[in-house]
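Novice: Before anything else, here's the structure in question.
The values are calculated or read from the model by the stated rules, or taken from the named source; none is laboratory data. Computed from a predicted model, the values in this text were never measured in an experiment. Quick reminder, even Gly has a Cβ in these numbers, built from the backbone with ideal geometry, and neighbours come from all protein chains shown.
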Amino acid sequence: MELYRLTIHELQEMLRKGEVTSRDITESVFRRIEEVEGKTRAFITLMKEQGLKQAEMADIRIKEGKLSQLTGIPLAIKDNMCIKGIKTTCGSKILENYIPPYDGTVIERLKEHMPVFIGKTNMDEFAMGSSTETSYFGVTHNPWDIERIPGGSSGGSASAVAADECIAALGSDTGGSIRQPAACCGIVGLKPTYGRVSRFGLVAFASSLDQIGPMTKDVRDCSILLSVISGHDKLDSTSIDVEVADYEKCLGQDIKGLKIGVPREYFIEGIAPDVVKSLWSAVKELEKLGATYKEVSLPHSEHAVAVYYLIAPAEASSNLARYDGVKYGHRASGTKGLMDMYTQTRSEGFGQEVKRRIMLGTYALSAGYYDAYYKKASQVRTLIKRDFDEVFKECDVLLTPTAPTPAFKIGEKTDDPLQMYLSDIFTIPANLAGIPGISIPCGFSREGLPIGLQLLGKHFDEEKLLQVAYAFERHTDYHLKKPVIGQDAL
Amino acid sequence: MKITKQEVDKVAKLARLGFTEEEKEKFASQLNSILVYFDNLGELDTRGIEPTSHASTISNVFRDDEVESSISKEDSLLNAPDSKRGCFRVPRIIER
């Protein structure tokens, strides 16, 4: 078995026993990248030189007997999280040459364990998209079928994990940007409760919705990464001071008597029959393990997409006002005066989708429209949140499809923004309500594309999600199937 | 049509974005189809419903007003498109 194939916990075991070194693992991962990156295009920046140096340092630390959770493990980071001294582009021309002078809090927390950062992954520009097609640096491909999208916006991270170009990755999720690509690429992706993980050093898209989370090959790895990145941070005033659980401890706990709710509003017109089939067989599997299920109702679900596409662009239009060509980022040349410099800089630096959302957000917040759009959306957000409060009185977790269809073809939805937006229909409500959600592999379509199921939980109840996800994973083998790409095809 | 090309002009100006005539036409029609989709929200009765601007329940977070370490002046100017004598440099604002 090639080392790049393995998980964090498998490699940790081998490192502990001294069977491999971090250098062995890191070299294996870079060989894999050389082999398949030309097909997936998962990365914007590769950090081979720094990575190998970090691996050597990790090996020294391991020799000193100081191995901890992530020591020596090659990780990929979505390119909207700041690593000091490493280009952080956010998939945009406007940040093409931006080199952060500081580490984001998640990076700082990871560094305490001395992992190996191997590269920054591709993403939709400013995380605005569901297919990783809006990146200024080109399209990322799905390793299961390179003519298809990997999902988005964390499509680079998802593709890299699925193609074994890293051991695990971080993504960010504003409306489904971890969970939907995880489903499209057949991996595990978790969006934590809003406030669980610090956003300091994450390039802001929609601040009341953004959250960083793990993208991994299995549920145990997801628990390990979540334990490391979670916790209160005084540099992010929206991070919440709630004790961080030992997320590995809940794995393997019995799910007998657990109450699962299946919201009927999630079985919309246009949902792929294969997705519905996989979902119900997953419900049966969990029933066999002792869980019970009942149909529940989240009556305001149908409005979630509209609410999201008012609130997220409104927040984005305000957040992205900072890109003015003054403090960092691209500045247009040959302009006439300050106003012209602003306008030229932003017009050259932002791509079409980002401009569309800035326009939408500016419109929704502008005088005369604020009440009809932004305020109305915020009120309906309250109703959506209350729906969840109600159903969680009678269930422990909710089980839904992650996305209405498996990965679609590259280019299929680029000219129809509304169709693209609808691919986030099942993931958006969790961001609006601030609750945690996880996507895990639960089957394959007739074309052999992965299908994901989503579990949603109460605020700060990530443990329950991981417990159920792990129980399901232990009794199925969907997570063990690998795409055929590179040398595998020979 | 709800958004006219004139309105696209107005919003673009507020957002400091410039568009060609062709782009304006395209934006007007795309924004319109998105806004029509939003109209469903109007059907809901939201009288007396508190708006949610944040999913968490925390309100203000205070700290003591003490000086702490931060990024150095040199570091914060590293990414500046133009700087001079420790300041960000911008095009002239006041006419001669």
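Novice: Given (1) closer than 21 Å to A:T89 by Cβ; (2) part of a loop (DSSP other than H, G, I, E, B); (3) aliphatic (A, V, I, L, M); (4) touching a Ser or Thr at 6+ places or on another chain (Cβ under 6 Å), where does A:L209 come up short, assuming only one miss?
Specialist: Condition (1) is where A:L209 drops out.
Novice: Listed residues A:D124, A:D103; which is of a type in the set (D, E, K, R) and surrounded by 20 or more Cβ atoms within 10 Å (Cβ to Cβ)?
Specialist: On the way: A:D103 fails: surrounded by 20 or more Cβ atoms within 10 Å (Cβ to Cβ).
Only one candidate qualifies: A:D124.
Novice: Next question, about the same structure. Determine whether region A:436-449 contains at least one residue that is touching a residue at least 60 places away in the same chain (Cβ under 8 Å) and farther than 25 Å from A:E269 by Cα.
Specialist: For region A:436-449, residues touching a residue at least 60 places away in the same chain (Cβ under 8 Å) and farther than 25 Å from A:E269 by Cα: present.
Novice: Continuing with the same structure: Got at least one residue in region A:417-434 being touching a strand residue (DSSP E or B) at 6+ places or on another chain (Cβ under 8 Å), within 15 Å of A:L190 (Cβ to Cβ) and within 14 Å of chain B (Cβ to nearest Cβ)?
Specialist: Within region A:417-434, one or more residues are touching a strand residue (DSSP E or B) at 6+ places or on another chain (Cβ under 8 Å), within 15 Å of A:L190 (Cβ to Cβ) and within 14 Å of chain B (Cβ to nearest Cβ).
Novice: Only one residue in A:K294, A:K256, A:K277, A:K284 is part of a strand (DSSP E or B) and out of contact with any helix residue (DSSP H, G or I) (no Cβ under 8 Å at 6 or more places or on another chain). Which one? Before the answer, list the steps.
Specialist: Values: A:K256 fails: part of a strand (DSSP E or B); A:K277 fails: part of a strand (DSSP E or B); A:K284 fails: part of a strand (DSSP E or B).
Testing whether each residue is part of a strand (DSSP E or B) and out of contact with any helix residue (DSSP H, G or I) (no Cβ under 8 Å at 6 or more places or on another chain) leaves just A:K294.
Novice: May I pose another question? For region A:200-225, name all the residues that are under 27 Å from A:K249 (Cβ atoms), polar (S, T, N, Q) and over 13 Å from the mean Cα position of the chain (by Cα).
Specialist: A:S223
Novice: Oh, and also: State whether one or more residues within region A:84-91 are basic (K, R) and closer than 30 Å to A:G351 by Cα. Steps first, answer last, please.
Specialist: At the first step, the residues of region A:84-91 found to be basic (K, R) are A:84, A:87.
Still in the list and also closer than 30 Å to A:G351 by Cα: A:84, A:87.
Checking region A:84-91: at least one residue is basic (K, R) and closer than 30 Å to A:G351 by Cα.
Novice: Run down A:A306, A:A312 and say which single residue is facing chain B (nearest Cβ under 9 Å), crowded, with 20+ Cβ neighbours inside 10 Å, part of a helix (DSSP H, G or I) and in contact (Cβ under 8 Å) with a residue 12 or more places away in the chain.
Specialist: Working: A:A312 fails: facing chain B (nearest Cβ under 9 Å).
It is A:A306.
Novice: I'm checking my understanding of the structure. Among residues of region B:41-62 that are more than 7 Å from chain A (Cβ to nearest Cβ) and under 28 Å from A:F460 (Cα atoms), which one is modelled with the highest pLDDT? Break it down into steps so the answer makes sense when it comes.
Specialist: Applying the first criterion (more than 7 Å from chain A (Cβ to nearest Cβ)) to region B:41-62 yields B:42-43, B:45, B:47-48, B:57, B:59-60, B:62.
Applying the additional criterion that residues be under 28 Å from A:F460 (Cα atoms) yields B:57, B:59-60, B:62.
Numbers: B:T57: 71, B:S59: 74, B:N60: 82, B:F62: 87.
This residue is B:F62.
Novice: Which pairs do you get when a residue that is facing chain A (nearest Cβ under 7 Å), found in region B:15-34, comes within reach of a residue that is of a type in the set (K, R) and crowded, with 19+ Cβ neighbours inside 10 Å, reach meaning Cβ atoms under 7 angstrom, with the pair 6+ apart or on two chains?
Specialist: What qualifies is B:R16/A:R346; B:L17/A:R346; B:L17/A:K355; B:F27/A:R356; B:Q30/A:R356.
Novice: Please enumerate the residues belonging to region A:224-244 that are of a type in the set (A, V, I, L, M) and over 21 Å from A:L67 (Cβ atoms). First the steps, then the outcome.
Specialist: Initial filter on region A:224-244 (of a type in the set (A, V, I, L, M)): A:224-226, A:228-229, A:235, A:240, A:242, A:244.
Of everything in region A:224-244, those that are of a type in the set (A, V, I, L, M) and over 21 Å from A:L67 (Cβ atoms) turn out to be A:L235, A:I240, A:V242.
Novice: Among the residues of region A:53-76, which ones are under 19 Å from A:I33 (Cα atoms) and without any contact (Cβ under 8 Å) to a residue 40 or more places away in the chain? Talk me through it step by step, then tell me what you get.
Specialist: Start the filter on region A:53-76 by keeping residues that are under 19 Å from A:I33 (Cα atoms), which leaves A:53-55, A:72-76.
Listed by number, the list holds a single entry, A:K53.
Novice: Which of (1) surrounded by 14 or more Cβ atoms within 10 Å (Cβ to Cβ); (2) in contact (Cβ under 8 Å) with a residue 24 or more places away in the chain does B:T4 not meet, given it meets every other one?
Specialist: It is condition (1) that B:T4 fails.
Novice: For region A:392-422, what are the residues that are in a helix (DSSP H, G or I) and either within 30 Å of A:Q467 (Cβ to Cβ) or among the hydrophobic types (A, V, I, L, M, F, W, C) (or both)? It would help to see each step written out before you state the result.
Specialist: Initial filter on region A:392-422 (in a helix (DSSP H, G or I)): A:417-422.
Of everything in region A:392-422, those that are in a helix (DSSP H, G or I) and either within 30 Å of A:Q467 (Cβ to Cβ) or among the hydrophobic types (A, V, I, L, M, F, W, C) (or both) turn out to be A:L418, A:M420, A:L422.
Novice: Here is a further query. From A:G65, A:G85, grab the single residue that is within 14 Å of another protein chain (Cβ to nearest Cβ) and either out of contact with any helix residue (DSSP H, G or I) (no Cβ under 6 Å at 6 or more places or on another chain) or crowded, with 18+ Cβ neighbours inside 10 Å (or both). Step through it out loud before you land on a result.
Specialist: Numbers: A:G65 fails: within 14 Å of another protein chain (Cβ to nearest Cβ).
Only one candidate passes the filter, namely A:G85.
Novice: Now a separate question. Kindly indicate whether any position in region A:210-223 is within 14 Å of chain B (Cβ to nearest Cβ), within 14 Å of A:L170 (Cα to Cα) and surrounded by 17 or more Cβ atoms within 10 Å (Cβ to Cβ).
Specialist: Quick first cut of region A:210-223, residues within 14 Å of chain B (Cβ to nearest Cβ) only: A:210-211.
In the following step, the residues that additionally are within 14 Å of A:L170 (Cα to Cα) were identified as A:210-211.
When the remaining residues are screened for being surrounded by 17 or more Cβ atoms within 10 Å (Cβ to Cβ), the result is A:210-211.
Within region A:210-223 (the criterion being within 14 Å of chain B (Cβ to nearest Cβ), within 14 Å of A:L170 (Cα to Cα) and surrounded by 17 or more Cβ atoms within 10 Å (Cβ to Cβ)), the answer is yes, since at least one residue qualifies.
Novice: Looking at region A:134-158, which of its residues are out of contact with any Lys or Arg (no Cβ under 8 Å at 6 or more places or on another chain) and more than 22 Å from A:A204 (Cβ to Cβ)?
Specialist: Those that are out of contact with any Lys or Arg (no Cβ under 8 Å at 6 or more places or on another chain) and more than 22 Å from A:A204 (Cβ to Cβ): A:W144, A:D145, A:P150.
Novice: Any residue that is touching a residue at least 60 places away in the same chain (Cβ under 8 Å), on the phi > 0 side of the Ramachandran plot and in contact with a Ser or Thr (Cβ under 7 Å, 6 or more places away or on another chain) - is there at least one of those in region A:414-429? Break it down stepwise before answering.
Specialist: If we filter region A:414-429 for residues that are touching a residue at least 60 places away in the same chain (Cβ under 8 Å), which is where we start, we get A:414, A:417, A:420-429.
Among the residues that remain, those that are also on the phi > 0 side of the Ramachandran plot are: none.
No.
Novice: Continuing with this model, one more query. Could you list, in sequence order, all residues of region A:66-89 that are in a loop (DSSP other than H, G, I, E, B) and farther than 15 Å from A:E112 by Cα?
Specialist: The initial filter retains those residues of region A:66-89 that are in a loop (DSSP other than H, G, I, E, B), namely A:66-73, A:79-80, A:82-89.
Correct list: A:D79, A:N80, A:C82, A:G85, A:I86, A:K87, A:T88, A:T89.
Novice: Since A:D236 meets every condition but one in (1) assigned to a loop (DSSP other than H, G, I, E, B); (2) within 14 Å of chain B (Cβ to nearest Cβ); (3) of a type in the set (D, E, K, R); (4) out of contact with any Ser or Thr (no Cβ under 9 Å at 6 or more places or on another chain), which condition does it not meet?
Specialist: Here A:D236 clears every test but (4).
Novice: Which of (1) within 9 Å of chain A (Cβ to nearest Cβ); (2) under 30 Å from A:Y308 (Cα atoms) does B:P81 not meet, given it meets every other one?
Specialist: Among (1) within 9 Å of chain A (Cβ to nearest Cβ); (2) under 30 Å from A:Y308 (Cα atoms), B:P81 violates only (2).
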